[in-house]
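Visitor: Let me give you the structure first, and then I'll get to my questions.
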Amino acid sequence: MPETEAMLTETIGYVRRVHRLGMKVLVWTVDAPAAVRRLIGAGVDGISASGDAPRVGCHGS
């Protein structure tokens, strides 16, 4: 499914709502480096990828 600006905006809103509740947002099977960067930008707390996915850095780096 292609990601749209509306989907990213909703993701950011979801992450903020979950964080306000004192919980963390963890996502998995994210292998596309651009998607990883967008999720880091949205504030997710953890990302899991398949073993052969390219690494793009970590939160705060």
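Visitor: Using heavy-atom solvent-accessible surface (probe 1.4 Å) with all chains present, what is the largest-first order of 37, 20?
Guide: 20, 37
Visitor: Additional query: Tell me, in nm to one decimal, what length is gained between residue 28 and residue 8 on full extension, where the rule is 0.36 nm per residue of separation less the Cα-Cα distance?
Guide: Working it through step by step, the gained length comes to 5.6 nm.
Visitor: Quick one: ranking 15, 27 by accessible area, 1.4 Å probe, largest first, what do you get?
Guide: Listed by decreasing accessible area, they come as 27, 15.
Visitor: Please list, short to long, the whole-number percent of alpha-carbon pairs of region 1-48 in consecutive 5 angstrom bins beginning at zero.
Guide: 5, 21, 33, 26, 12, 3, 0
Visitor: HN-Hα J couplings of region 11-22 from phi, Karplus 6.51/-1.76/1.60, θ = phi - 60°, integer Hz, Gly and Pro as x?
Guide: For region 11-22, the Karplus curve yields 4, 4, x, 4, 4, 4, 4, 5, 5, 4, 7, x Hz.
The values are calculated or read from the model by the stated rules, or taken from the named source; none is laboratory data. Note that the structure is predicted; figures quoted are calculated from it, not measured. What goes into the accessible areas is simple: the full protein's heavy atoms, side chains included, and nothing from ligands, DNA or RNA. Shrake-Rupley method; radii C 1.70, N 1.55, O 1.52, S 1.80 Å.
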